[in-house]
């Protein structure tokens, strides 16, 4: 069954926390991965791969650069399920 | 008239690495030395690559000089004579001649003339490809002792303004003498390629483009994130497969010696493999940089020299890079 947006957000926050140590509560929809959360491109790729695994979706490498905010990623994953 | 029975090679059951040799560039290049043209900083480079300094060769130190030095050390430690070498395999992408090969010159310089000698082009997987070939040549009886060299002078093919790969790169050569063994010393190899990503790491242009004035001097480039993703998550599968075909478990390893591409790749690979704490992870990149085909033998040599690992232990070595090409095997440390 497809997960809701808030469930995807919670799952993504866990992945971000595991990779970067950033508190899950700080991972909010409007936050930018690079500007607000200070996540670099290599960590971002790790997060993407773990998200693909966790949510059973495929996020093409070319698409990653369009995922500016946490909300972008949550929406992409929610729609791709 | 009866047809006489042909003789064929008599096979040998096992092979092993007898010894290693290492030579690094004579210059120590700091992050501050190269940060300017890429608008970067020591901190940025350390954080993203783990590199503090890289070794590069000065104008007076050639790829061949480093290969000869590494080979001579390996030969001396092995206890064999250079004239006993039955094949010389040189893995490099930076020999500056299309032909003849670097290997024939190397064979002559180290006293292995007239051994068969040839280069292989498998970039950062090249040393593991070389070990796979040496193992096959020895066990099939084609050669008794094989010299495998991974060597690069990458600094001849870098662009100081390139932010994708140039700042990672260093120069050096690592050599191994491989020969017959009473006990298994080299596992089956897991090796292969994925040419569908042919252009994700490589040169900015062909030599023909350069000749025709359409492009400047070709230098190395990569699509960093695509390569990172492949190097970690696809190579974890290869590493697990290498352990499986070797018939061992991660806890049996003394060391993980990956191609020294980037500390983030090395650490993520180690994390994904869930290695027990006693497994030493080679991080020669910190002070050597990424030396492509040379990086695995250099890193293994450094671990043995520092005493972090002991001769007789098992190491998983895995190379991966342009092609995309990959190779892995478990070896008994010399």
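The values are calculated or read from the model by the stated rules, or taken from the named source; none is laboratory data. Everything numeric in this text was worked out from a predicted model, so none of it was measured. Ideal geometry is used to build each Cβ from the backbone, glycine not excepted, and the neighbour counts take in all protein chains shown.
If a residue must be within 14 Å of another protein chain (Cβ to nearest Cβ), free of Cβ contacts under 8 Å to residues at least 60 places away in the same chain and surrounded by fewer than 17 Cβ atoms within 10 Å (Cβ to Cβ), how many such residues does the range B:224-260 contain?
1
Here's a check for you: in the range B:1-17, which residue that is touching a strand residue (DSSP E or B) at 6+ places or on another chain (Cβ under 9 Å) and more than 30 Å from residue B:53 (Cα to Cα) is surrounded by the fewest Cβ atoms within 10 Å (Cβ to Cβ)?
Going residue by residue through the range B:1-17, those that are touching a strand residue (DSSP E or B) at 6+ places or on another chain (Cβ under 9 Å) are B:12-17.
Subset that is more than 30 Å from residue B:53 (Cα to Cα): B:12-16.
Details: B:12: 16, B:13: 10, B:14: 15, B:15: 23, B:16: 20.
The qualifying residue surrounded by the fewest Cβ atoms within 10 Å (Cβ to Cβ) is B:13.
Could you check residue B:76 against (1) under 21 Å from residue B:303 (Cα atoms); (2) in contact (Cβ under 8 Å) with a residue 60 or more places away in the chain; (3) surrounded by fewer than 15 Cβ atoms within 10 Å (Cβ to Cβ) and say which number it fails?
(2)
Matching residues to (1) free of Cβ contacts under 8 Å to residues at least 24 places away in the same chain; (2) in a loop (DSSP other than H, G, I, E, B); (3) out of contact with any strand residue (DSSP E or B) (no Cβ under 6 Å at 6 or more places or on another chain):
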site	(1), (2), (3)
A:16	no, no, yes
A:44	yes, no, yes
A:49	yes, no, yes
A:59	yes, yes, yes
A:73	no, no, yes
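Filter the range B:270-298 for residues that are surrounded by 15 or more Cβ atoms within 10 Å (Cβ to Cβ) and out of contact with any helix residue (DSSP H, G or I) (no Cβ under 8 Å at 6 or more places or on another chain) and give the result. Explain how you work it out, then say what you get.
Here is the first cut: in the range B:270-298, the ones surrounded by 15 or more Cβ atoms within 10 Å (Cβ to Cβ) are B:270, B:272-273, B:275, B:279-298.
The answer is B:270, B:287.
Can you say whether residue B:49 is in contact (Cβ under 8 Å) with a residue 24 or more places away in the chain, under 26 Å from residue A:40 (Cβ atoms) and in the same structural domain as residue B:159 (by TED's automatic domain parsing), as far as the supplied structure shows? Before the answer, list the steps.
Working: in contact (Cβ under 8 Å) with a residue 24 or more places away in the chain: yes; under 26 Å from residue A:40 (Cβ atoms): yes; in the same structural domain as residue B:159 (by TED's automatic domain parsing): yes.
So residue B:49 passes the test.
Of everything in the range A:62-77, what is surrounded by fewer than 16 Cβ atoms within 10 Å (Cβ to Cβ) and within 12 Å of another protein chain (Cβ to nearest Cβ)? Give them in sequence order.
Those that are surrounded by fewer than 16 Cβ atoms within 10 Å (Cβ to Cβ) and within 12 Å of another protein chain (Cβ to nearest Cβ): A:62, A:63, A:65.
Of the conditions (1) under 23 Å from residue B:46 (Cα atoms); (2) surrounded by fewer than 19 Cβ atoms within 10 Å (Cβ to Cβ); (3) within 14 Å of another protein chain (Cβ to nearest Cβ), residue A:50 clears all except one; give me its number.
(1)
Taking helices (runs of 4 or more DSSP H) that fall entirely within the range B:17-98, which contain at least 3 residues that are in contact with a helix residue (DSSP H, G or I) (Cβ under 9 Å, 6 or more places away or on another chain) and more than 14 Å from chain A (Cβ to nearest Cβ)? Write out each step before concluding.
Values: elements: B:31-35, B:42-49, B:63-78.
Those helices (runs of 4 or more DSSP H) span B:31-35, B:63-78.
Yes or no: the range A:30-38 includes at least one residue that is under 10 Å from the mean Cα position of the chain (by Cα) and either within 14 Å of chain B (Cβ to nearest Cβ) or surrounded by fewer than 19 Cβ atoms within 10 Å (Cβ to Cβ) (or both). It would help to see each step written out before you state the result.
Going through the range A:30-38, the residues under 10 Å from the mean Cα position of the chain (by Cα) turn out to be A:33.
Restricting the remaining residues to those that are either within 14 Å of chain B (Cβ to nearest Cβ) or surrounded by fewer than 19 Cβ atoms within 10 Å (Cβ to Cβ) (or both) gives A:33.
The answer is yes; a qualifying residue exists.
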